[in-house]
1. Every residue in the range 179-193 that is in contact (Cβ under 8 Å) with a residue 40 or more places away in the chain and buried (at least 16 other Cβ atoms within 10 Å of the Cβ), please.
2. Considering the range 58-89 alone, what residues qualify as being of a type outside the set (Val, Ile, Thr), surrounded by 24 or more Cβ atoms within 10 Å (Cβ to Cβ) and not in a helix (DSSP H, G or I)?
3. Would you be able to tell me the number of residues in the range 171-198 that are more than 24 Å from Arg25 (Cβ to Cβ), of a type in the set (A, V, I, L, M, F, W, C) and in a loop (DSSP other than H, G, I, E, B)?
4. May I ask you to say which residue of Val99, Val103 is part of a loop (DSSP other than H, G, I, E, B), among the hydrophobic types (A, V, I, L, M, F, W, C) and crowded, with 22+ Cβ neighbours inside 10 Å?
5. Do we have any residue at all in the range 6-16 that's assigned to a strand (DSSP E or B) and hydrophobic (A, V, I, L, M, F, W, C)?
6. Within the range 134-155, track down each residue that is surrounded by 20 or more Cβ atoms within 10 Å (Cβ to Cβ) and in a loop (DSSP other than H, G, I, E, B).
7. Restricting attention to the range 46-57, which residues are in contact with a Leu (Cβ under 9 Å, 6 or more places away or on another chain), modelled with pLDDT of 95 or more and surrounded by fewer than 19 Cβ atoms within 10 Å (Cβ to Cβ)?
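The values are calculated or read from the model by the stated rules, or taken from the named source; none is laboratory data. From a predicted model like this one, the values you see are computed outputs, not experimental measurements. Quick reminder, even Gly has a Cβ in these numbers, built from the backbone with ideal geometry, and neighbours come from all protein chains shown.
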Amino acid sequence: MSVQETPAVDRLVIGILGGTGEQGRGLARRFALAGNPVIIGSRSHDRAQGVAREIGDGARGLANRDCARAADVVIAAVPWEGHGELLSGLAAELAGKIVVDCVNPLGFDKRGAYPLPVVEGSAAEQAAALLPESRVVAAFHHVSAVLLLDPEIETIDCDVLVLGDDRHATDTVQALAARIPGVRGVYAGRLRNCGQIEALTANLVSINRRYKAHAGLRITDI
């Protein structure tokens, strides 16, 4: 694929594991508004269906396993505590698919947010280790769920850093990011560099608390 070519992503079915959480719901809402078929995944089929009804625009709700099986591209937006267990249990359903990991392993104490150590180096690298037959891409770590869910906000002023080892997969995720008005997908390196991307979220949490904002990132000069 040449640099000029953009993958056709407008018909891709996007499944979101953890789609009932704020980040998952926000991404689901924006992709549904963009016209992509969206599937909300959850441990509870009923809860997934309820969120899908809230989102509208043809969104469907399924149990996580059925969501993973039915989607073309799957976004993991689950809490870090359940990340490894969920993905390892869905390895067969996710084989051959692009899996987008947006999980940030963070802890919180009285001094604020801080990054948690991950044996594999990052949540995305853990996903890659657990899903050897999937094409794992890291993205959407720094997009505010509050902004994604706000019906008054039409565009999101944010770049999405996209990391991965498969060029076609990262190109596809960059194109998917651009489906959200105002957002640009920016290639940011191999999956091995994802640890600092996830950890940077702790800094954004501190910025947002100090300035009462919903800050994202913009990359200059490209």
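1. Correct list: Arg179, Ile180, Val183, Gly185, Leu191.
2. Ala59, Gly61, Ala71, Ala76, Ala77
3. Result for the range 171-198: 1.
4. Answer to the selection: Val103.
5. Yes, that holds for at least one residue.
6. Hits for the range 134-155 are Ser134, Ala139, Phe140, His141, His142, Val143, Ser144.
7. Gln49
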